[in-house]
Amino acid sequence: MEAVTENLGLFGRGYLLSLQLCLWGLAGSLLLGTLVAACRVSPVPPLRAFGTAWVGVVRNCPLTVVLFAFAFGLPEVGVNGSYWWLGIAALVVYTSAFVCEALRSGINAVPAGQAEAARAIGLTFTQSLRSVVLPQAFRSSVPPVGSVLIAMIKNSAVVGAFGVGRDLFSVGNSLTSAQGYAALPVLTGVAVGYLLLTLPAGGALAAVERKVAIAR
Amino acid sequence: MSSGTGTTRTTDGTPDGTPDGTVDGIVAPRRRTGRTAAAGAPRATVLYDAPGPRARRRTLVGSIAATVVILGLLALVVRRLADAGQLSAERWGPLLDPSTEEFGQVWRLLGLGLRSTLTAAALAIVGSVVLGTLIGVARMMLPGRTRWPLVGVIELLRGLPVVIAIYFTSRVLPDVGVDVSGLPGPDGLWYLVIALVAYNMVVIAEIVRSGVASLPRGQREAALSVGLTPGQTMRIVLLPQAFRVMLPALISQLVVILKDTSLAAVLGIYPELLNRANRIAQNLDNPIPMFITVGVIFIAINAALSQVAVVVERRVSRSTAHR
């Protein structure tokens, strides 16, 4: 286990960098996913088509293909950036499709009668959205969005494996490949690092779920 | 979990499955049949009422504006690609033009890559469905505390990124003396398959468990009361029904497995489709056309699989409605 204890600082920094990667991915994919979801449920057909196409394409492409296309393709057309930002961009684009679908499932879970009742008592469009439909939709989409985000934490390891440098995966890689430490303890350290990201996230999700659960 | 069906729950924690089954498969069709609006007329949804003349005019204006913006963006992208020389025959020729000398070679290699991808996916699918069912059943049938270690392993494997699992198998297995060279195919294939099975079997175990949990309680009670043992009850009565219920979620998970085989390309341990494409792209200097092609191949296969899921879903909901 010396491999881990000797390099605890390195693991710590790797953990923080992975956390940072996840937070950027979280912010970006929630934002983009909400936009795409808004397109997908809008009454305007071209926007709906755009949302559907976005989800259909992105969701069926492996993250690795998106990642390769961003990292090797974009520089060809003059979009230059570090692997760090290109990797985050790929992660955000990929996750946005799943966030979109999770939000949409939340909207679909609101019974149509709720909206009909809101209209029947004379609420305007904005009022019915703001005080009846969307609050329920957001609460119903907490579990699916949460599991999408936890999956994103795990996917961030792919971005790390791709070589953004010094995150948890890269730390493990450089310790085993370049410095010749035994693989088992180092990779166990890396795995524990990721569990320290996913398990608390799962716990937080469960707490939020309990808080916003609707009894139907 | 506030609302929703068993299917939503089952795919929790999988990288991709979550929205699939629920959104397209379950909720949408039910909604559609529940609508009373006349065919062809714009329909009300939970978000907005059926539009009147004014809203329809506004939608029309919005449609035109959105079309202009989307086409404009597309034009920008195409222009950018053209300016960078990405649309040239030189870059696309090897993929599209059979008369170029590279064409045959490129597609032969891509074909080999696709075969490797499908081989790994097939092995991983069979392995994880079989082991996943066993684990799911074990988790349900083990009494009380004896199942805790199993639950621990399940949670552990679920929380681990697949790419780490693959890295783990490719580095640690040789270190600890597990020899896969006796098995047919390259070593990388088996490292990839073992890691994919390790991750996906626990996901499938959870799918199986929630499939069984979604069955009416009377099924189990009736089976036990006619004298079947718990094992027989599971095998003869519960599992066959559960498999039908969970097929859509299961198929979404199979799409995930297929997609995850390409993780091997990041680590470069197995010459599957993306790995081959990447090497060709480096030789021909055409990454954009190459990755677009690979993307299209994956999308075609996965869209076909998802379509199967939708059809199966419809069948299943029809047959359970009769029951």
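The values are calculated or read from the model by the stated rules, or taken from the named source; none is laboratory data. As the structure is a prediction and not an experimental result, all values here were calculated from the model. When we count neighbours, we look across all protein chains shown, and the Cβ atoms used for this are built from the backbone with ideal geometry, even at glycine. Only protein heavy atoms, including side chains, enter the accessible area calculation; ligands, DNA and RNA are left aside. Shrake-Rupley method; radii C 1.70, N 1.55, O 1.52, S 1.80 Å.
Can you compute 3J(HN,Hα) from phi for each residue in segment B:107-118, using the Karplus curve 6.51 cos²θ - 1.76 cosθ + 1.60 with θ = phi - 60°, rounded to whole Hz and x for Gly and Pro?
Once θ is set to phi - 60°, the couplings for segment B:107-118 become 6, 5, 5, 5, x, 4, x, 5, 4, 4, 4, 5 Hz.
Measuring from the lowest to the highest alpha carbon on each principal axis, how far does the protein assembly as shown reach, largest first, in angstroms?
Cα extents, longest axis first: 73, 71, 49 Å.
Averaged over B:149-156, how many beta carbons belonging to a partner chain fall within 10 Å of each residue's beta carbon?
Average per residue, whole number: 1.
Run lengths n ≥ 4 of DSSP H only: what is the helix-derived mean residue ellipticity at 222 nm for chain A, with -39500 (n - 2.57) per run over all residues, to the nearest 500?
The per-residue figure over chain A is -25500 deg cm²/dmol.
If we count every other residue with Cβ under 15 angstrom of B:G93's Cβ, Lys/Arg +1 and Asp/Glu -1, where does the sum land?
Counting the neighbours of B:G93, the net charge comes to -4.
With a ≥ b ≥ c taken as the square roots of the eigenvalues of the C-alpha gyration tensor of segment B:81-201, please select rounded if a/c is under 1.5 and otherwise prolate if a/b is larger than b/c or oblate if it is not?
Prolate.
About its Cα centre, what dipole magnitude does segment B:111-191 give when the only charges are +1 on Lys and Arg Cβ and -1 on Asp and Glu Cβ, stated in debye to the nearest 20?
My answer is approximately 340 debye.
For segment B:103-321, with the dipole built from +1 on Lys and Arg beta-carbon atoms and -1 on Asp and Glu ones, taken about the Cα centre, which of B:L247, B:V126, B:L284 lies farthest toward the positive end?
B:L247
Give the peptides B:138-148, A:195-205, B:236-246 in descending order of average Cβ contacts within 10 Å, highest first.
B:236-246, A:195-205, B:138-148
Let me know the mean shielding of A:167-177 by other chains, meaning the per-residue number of their Cβ atoms within 10 Å of its Cβ.
Counting Cβ atoms of other protein chains within 10 Å of each residue's Cβ and averaging gives 2.
Report the label-to-label distance for B:V178 and B:W107 in nanometres (one decimal), using points 7 Å from each Cα along the Cα→Cβ vector.
With each label placed 7 Å out from Cα toward Cβ, I get 4.0 nm.
Could you work out the local net charge near B:A138, counting Lys and Arg as +1, Asp and Glu as -1, over the other residues with Cβ closer than 12 Å to its Cβ?
Taking every other residue near B:A138 into account, the sum is +3.
Any idea of the total accessible area buried by the B-A contact, 1.4 Å probe, rounded to 100 Å²?
Interface between B and A: roughly 5700 Å².
For A:L23 and B:A213, FRET efficiency with R0 = 56 Å and r from the beta-carbon atoms, rounded to 0.05?
Result of the calculation: an efficiency of 0.95.
Mind checking the mean number of beta-carbon atoms from other chains within 10 Å of the Cβ atoms in B:295-303?
4
Relative to a virtual label point 7 Å from the Cα of B:R80 in the Cα→beta-carbon direction, which members of segment A:27-43 show backbone nitrogen distances below 20 Å?
Correct set: A:28-29, A:31-33, A:35-36.
Taking R0 as 45 Å, what FRET efficiency do you get between B:S88 and A:A53 from their Cβ-Cβ distance, rounded to the nearest 0.05?
FRET efficiency, B:S88 to A:A53: 0.95.
Once all Cα-Cα distances of chain A are split into 5 Å bins that start at 0, what whole-number percent is in each one?
1, 7, 12, 15, 15, 14, 11, 8, 6, 4, 3, 1, 1, 0, 0
Accessible area, 1.4 Å probe, largest first: how do B:T117, B:T100, A:T52 sort?
A:T52, B:T100, B:T117
Take the solvent-accessible surface of the protein heavy atoms, probe 1.4 Å, and return the percent of it on the protein assembly as shown that carbon and sulfur atoms account for.
66 percent
Taking amide hydrogens as modeled 1.01 Å from N in the peptide plane, which residues meet the under 5 Å criterion relative to A:N7, leaving out close sequence neighbours?
HN-HN under 5 Å from A:N7: empty list.
Counting only heavy atoms of the protein chains, get the accessible area per residue of chain A (1.4 Å probe) and round it to a whole Å² value.
40 Å²
Using protein chains only (no ligands, no nucleic acids) and a 1.4 Å probe, work out which residues of segment A:54-100 have their accessible area cut by at least 50 Å² relative to the chain alone.
A:R59, A:N60, A:P62, A:T64, A:V65, A:F68, A:E76, A:V77, A:F98
For the residue pair A:A206 and A:V79, what label-to-label distance in nm results when each label sits 7 Å from Cα along the Cα-to-beta-carbon direction?
Each label point is offset 7 Å from its Cα along the Cβ direction, giving 3.9 nm.
Can you give the translational diffusion coefficient of segment A:152-216 in µm²/s, computed by Stokes-Einstein from the Kirkwood radius over Cα pairs at 20 °C and 1.002 mPa s?
159 µm²/s
Taking only C-alpha pairs under 8 Å that are 6+ residues apart, what is the relative contact order of segment B:82-206 in percent?
Taking the mean separation of contacting Cα pairs over the length of segment B:82-206, I get 35 percent.
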